[in-house]
Amino acid sequence: MAVAVERFLLDREYGSNCYVVRAGEGAESVAVIDPGGDPGDLVARLVGSVGGILVTHADVDHIGGVAALAAATDAEVWAPAGEADFLRQGATRGGRTVQAHDPEHTVADGDSIAVAGLSFDVVGIPGHSIDHVGFHVEGKLFSGDLLFAGSVGRTDFPGGDWGTLVASIRRLLERFGPDVTVYPGHGEPTTLGRELQTNPFLGELRSA
């Protein structure tokens, strides 16, 4: 299946990525991952209907547009079980509070969910936050704020832990191998293999 991915920057303050994923260029239904800001531009430009909204973690710059997008499209929301309360209550950080939304579904490591004609594997990847998850489909991994091109997620927020973050990246390498494409929460796409070889924060994985 030729899964198509399109990136939107809905939260320009934090530069967080929102992804629109569909089962091929002509597919009419899409999955939206981490709508972090005002979704008006996305809705205006979107071709097709929103089959579901997927949340990797509950930082404000990744859930800021969830409630508005769900209301505009009648799409259901899938969020990590251990962070769903942040979305239900309206998370706050840096003086910003997002509109609360009660997700229709919660997910955990090992789940498989069908959204917009796609089957996503849910992968538990804590470390940046307490119950962070990634979504994998057809060799594409949506990693939220775990891993970036040339960097990794912060671990100084509540729920963050450096050892846990490194263990999560190691687990991804063992499960998916070096060739999987990583679509991070910030910045450009990369691969697990490229980050293992060049990321300055992953020296302990290279020496393991």
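Observations, loosely collected:
- Alpha-carbon centroid distance for the pair region 65-86 / region 1-62, whole angstrom: 12 Å
- Cα pair distances exceeding 23 angstrom across region 4-206, given as percent: 38 percent
- If you run the Gaussian network model on the chain, springs between alpha carbon atoms under 10 Å, then out of Asp131, Asp41, Asp109 the most flexible one is Asp41.
- Acute angle (nearest 10 degrees) that the helix 162-176 long axis makes with the longest principal axis of the chain, alpha-carbon atoms: 80 degrees
- Around the Cα centre of the chain, unit charges on the Cβ atoms of Lys, Arg, Asp and Glu (plus for the first two, minus for the last two) sum to a dipole of about 440 debye.
No value in this document is a laboratory result; all are computed from the given coordinates. Predicted model only: the values in this text are computed from it and were never measured. Ideal geometry is used to build each Cβ from the backbone, glycine not excepted, and the neighbour counts take in all protein chains shown.
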